[in-house]
1. List the pairs whose first member sits in the stretch 85-96 and is under 17 Å from ARG31 (Cα atoms), whose second member is among the hydrophobic types (A, V, I, L, M, F, W, C) and surrounded by 12 or more Cβ atoms within 10 Å (Cβ to Cβ), and whose Cβ atoms are under 9 Å apart, counting only residues at least 6 apart or on separate chains?
2. Considering only residues that are open to solvent by less than 40 Å² (accessible area, probe 1.4 Å) and closer than 18 Å to GLU17 by Cα, which ones fall in the stretch 84-102?
3. Would you be able to say whether some residue in the stretch 3-11 is among the acidic types (Asp, Glu) and at pLDDT 90 or above?
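The values are calculated or read from the model by the stated rules, or taken from the named source; none is laboratory data. Because the structure is a prediction, the values reported are computed rather than measured. Virtual Cβ from ideal backbone geometry, glycine too; neighbours counted across all protein chains shown. Only protein heavy atoms, including side chains, enter the accessible area calculation; ligands, DNA and RNA are left aside. Shrake-Rupley method; radii C 1.70, N 1.55, O 1.52, S 1.80 Å.
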Amino acid sequence: MMNFILDNKWFILLMLEVLAWASTFFMVFARYRLGSKPLFRIGAILTVLTGVLPQVTLGIVNFIVEKKLDLFTFVIVLLILYGSTLGRKKIKQLDDWAKRKF
């Protein structure tokens, strides 16, 4: 199983990123278009479960197995840094856009 994950780590990372953005859009849609707090919370949980947690775990597993900071681990670190800095601004812009749109 570990070999499968490490052999397909770039594809898994891409799919996790796609799922994280899809759940982010779902979260915004649920909040403003549907006006549903429960669905908004589900979207927020899905965003964390498809974005932050698995990406960090993937990066840690890769670092432990490779025993060095390779390109993959570096990309994970950059994604996390982006998400916690500039990404917050982009999410705020998306939120503002959704308020106006819906």
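1. ILE91/VAL28; LEU94/PHE25; LEU94/VAL28; ASP95/VAL28
2. If we filter the stretch 84-102 for residues that are open to solvent by less than 40 Å² (accessible area, probe 1.4 Å), which is where we start, we get 87, 94-95, 98.
The answer is GLY87, LEU94.
3. We begin by selecting, within the stretch 3-11, every residue among the acidic types (Asp, Glu); these are 7.
Still in the running and at pLDDT 90 or above: 7.
Checked against the condition, which is being among the acidic types (Asp, Glu) and at pLDDT 90 or above, the stretch 3-11 yields at least one hit.
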